[in-house]
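The values are calculated or read from the model by the stated rules, or taken from the named source; none is laboratory data. Since the structure is predicted, the reported quantities are computational estimates derived from the model, not experimental observations. Note that we place each Cβ from the backbone using ideal geometry, even for glycine, and neighbour counts take in every protein chain shown.
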Amino acid sequence: MNAGQSRYGYVFVSGYTLLLLAFGLLPTLYALYLSFTRNGAFVGVDNFVRVFGDYRFLPAVMHVALYVLFWLVSLIVLVVVLAIVVHGIRVRWLGNTARFLFYIPGAIAGASSVLLWLFVLDPSVSPVSALLHAMGYESLINVVAVGNLPVVFTVIAFWAGAGSWIVIMYGALNNVPVEVMEAARIDGAGPVQTAWHIQLPMLTKWISYMGVMSLAAGTQLFVEPKILAQATKNIVPEDYSLNQLAYLYAFRQNDFSGSAAISVMLLVVALGLSAIFIFRGKLFERD
Amino acid sequence: MTDQTTRAIVTNGAPRRRERHALTPGQWIGRAVVVLVLLVFAAFFILPIIWLVLAPTKTNSQLLQEGPFSFGSFDQLAANWNELFAFGSGVFTTWMGNSAFYSFTALVITLIVSVPAGYALALIEFKGRRLLLVTTLIVMLIPNTALVLPIFLELSAAKLIGSPLAVILPFSFFPFGVYLTYIYFSTAVSRDLLNAARIDGAGEVRVFAQVAMPLATPVIALVGFFSFVANWNNYFLPFLVVGGTKIPVQVGLANLLANVPAFNPTTASSIVIQLPTLALATLISVAPILLIFLFAQRFLVEGMTAGGTKE
């Protein structure tokens with residue numbers, strides 16, 4: 001290690017390190033501090049106990065858990081199937097077009113995608129109104145009934161997010177040597193057997209990456225129920241998800257400690273998943 | 001080796017005839033299922049976007065009564081356009097301007113801090129390098145919404161709520177950008193090249209600015225795109241930390257929704273927004289990102305797969 005060089009190393013990382021401290025570490029520590037204090041006095045786990053005891057907390061956990069379950073299962077099954085199917089297309093322009101079509105909704109995120117889906121889910125204007133009517137839905141309110149929400153949010157998230165995963169899986173499938181695929185074919189393996197015994201094992205690393213990322217992101221559910229609540233006059237409850245509840249604590253009840261307690265719990269989940277993946281997964285190692 | 005050359009070797013140069021053989025009934029069914037799956041999902045992904053492009057050309061009653069994929073008229077598109085930009089004495093323009101300002105300023109800061117950081121992490125030995133690298137990876141993989149409420153709590157303690165800085169500074173913190181430049185410098189630039197410049201008497205700053213930077217153009221563009229897209233689409237953070245005329249278009253859209261009588265029959269506001277106008281606002285709000293996606297598709301795909309294709 002060269003002392004002169006290493007000094008410049010610090011200069012080069014200084015700006016980024018400042019931002020990392022200010023908007024990564026410091027907010028985490030401050031949220032931790034708030035979650036264990038009330039009006040500046042240490043109260044142990046009181047804030048957490050209070051939040052656990054809140055009648056809205058457990059339903060919010062259940063809502064988020066159910067949505068994450070639906071989303072993970074559909075994401076893993078459909079993304080893998082679609083990637084393998086698209087990868088099997090021999091006609092080059094057709095394969096490229098398919099990937100492009102799947103991918104393009106990824107441009108539409110946040111509030112914009114929820115607004116678009118408000119239209120799609122409203123039988124009076126929907127592009128698939130015939131389908132919605134056939135399923136017995138006459139108005140937006142019917143479609144977004146609380147029981148349907150995990151499916152509704154799954155569909156929205158899948159629409160915006162699946163395409164980029166399909167593209168990633170497709171890239172990973174390109175790493176399967178052509179010779180191996182060819183040999184399997186000569187040995188008489190059909191497309192389904194090839195997919196199951198050769199392609200799927202090559203994808204496991206990426207599937208677990210997708211699963212971990214999506215699980216962490218799913219627990220953060222906020223903008224979808226927030227905007228649906230607004231559009232339906234709270235028929236979609238404004239305390240549907242955990243982040244919404246944390247938001248209500250801070251903005252409606254002026255209870256920053258309770259809000260911090262919920263944020264800390266969500267942050268622990270996200271950090272835990274990310275750390276497990278970094279230390280066990282080896283996907284991002286370069287050294 | 002390309003797909004074709006491999007195939008030529010495997011089949012001893014004979015052209016492949018397999019496709020020309022008559023398909024067995026099983027293969028027919030398999031192929032039909034594949035085509036059906038592709039068509040259904042292509043429709044699922046693309047029909048909402050086609051609908052969104054067509055809806056602003058219609059009147060409210062056309063939207064409710066005509067087929068979902070009919071085209072209204074350009075005159076009606078202009079009328080909806082005028083209604084949108086006249087709303088709240090042109091507040092939609094302000095929102096779009098705010099989005100552009102926040103996203104672009106943050107993008108510039110992101111580049112200024114991440115490129116040297118990625119460079120140093122990849123090519124300079126210093127104490128704490130590994131700690132910084134691992135921390136970056138961990139923070140990069142947590143969803144950005146996970147830190148929003150803690151950042152809000154911190155900014156409100158720092159009395160920064162309501163200031164544009166409350167949006168721009170957190171946006172500028174983009175660990176994924178540092179990771180991308182780190183990967184790029186550690187694979188595309190060799191230490192020998194830098195050492196050669198050092199032996200020629202170049203100082204560290206010159207080595208970075210004149211040897212490494214000119215090689216880094218592709219990754220700068222890549223980080224720029226990702227940062228811009230993430231900033232533009234962010235709803236949660238600006239929703240919490242700015243209000244009034246300072247909100248970006250993502251937050252503004254949700255405010256428009258409150259003025260749509262179809263969704264809020266009891267709306268108190270006298271100025272109402274019709275459904276086609278709301279669709280137009282949604283379309284315009286995503287237009288910059290949609291254009292980036294259309295023209296930089298290959299680019300973005302490379303960035304997404306940067307994590308693990310080279311082992």
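Quick check, is residue B:178 crowded, with 20+ Cβ neighbours inside 10 Å and away from chain A (no Cβ under 11 Å)? It would help to see each step written out before you state the result.
Details: crowded, with 20+ Cβ neighbours inside 10 Å: yes; away from chain A (no Cβ under 11 Å): no.
Against the criterion (crowded, with 20+ Cβ neighbours inside 10 Å and away from chain A (no Cβ under 11 Å)), residue B:178 does not qualify.
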Of the conditions (1) at pLDDT 90 or above; (2) under 30 Å from residue A:195 (Cβ atoms); (3) in a loop (DSSP other than H, G, I, E, B), residue A:82 fails just one. Which one is it? (3)
I'd like the full set of residues that are buried (at least 21 other Cβ atoms within 10 Å of the Cβ) and of a type in the set (Val, Ile, Thr), limited to region A:3-27. A:13
If a residue must be within 8 Å of chain A (Cβ to nearest Cβ) and either under 21 Å from residue B:245 (Cα atoms) or at pLDDT 95 or above (or both), how many such residues does region B:157-174 contain? 4
Could you run through region B:135-186 and say how many residues are more than 25 Å from residue A:208 (Cα to Cα) and assigned to a helix (DSSP H, G or I)? 20
Condition (residue is assigned to a helix (DSSP H, G or I), over 25 Å from residue A:110 (Cβ atoms) and touching a His at 6+ places or on another chain (Cβ under 8 Å)) applied to region A:154-175: is it met by at least one residue? yes
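I need the full set of residues from region B:179-191 which are free of Cβ contacts under 8 Å to residues at least 60 places away in the same chain and more than 10 Å from residue B:123 (Cα to Cα), in order please.
Start the filter on region B:179-191 by keeping residues that are free of Cβ contacts under 8 Å to residues at least 60 places away in the same chain, which leaves B:188, B:190.
Matches in region B:179-191: B:188 only.
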List every residue pair whose Cβ atoms lie under 7 Å apart, where the two residues are 6 or more positions apart in sequence or sit on different chains, the first residue falls within region A:116-130 and is of a type in the set (D, E, K, R), and the second residue, located anywhere, is modelled with pLDDT under 90. A:122/A:140
From the residues in region A:22-56 that are more than 14 Å from chain B (Cβ to nearest Cβ) and assigned to a loop (DSSP other than H, G, I, E, B), which one is nearest to residue A:269 (Cα to Cα)? A:45
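What helices (runs of 4 or more DSSP H), lying completely within region A:215-283, carry at least 2 residues that are under 25 Å from residue A:111 (Cα atoms) and more than 9 Å from every other protein chain (Cβ to nearest Cβ)?
Values: elements: A:223-231, A:242-251, A:256-276.
Counting at least 2 such residues, we get A:223-231, A:242-251.
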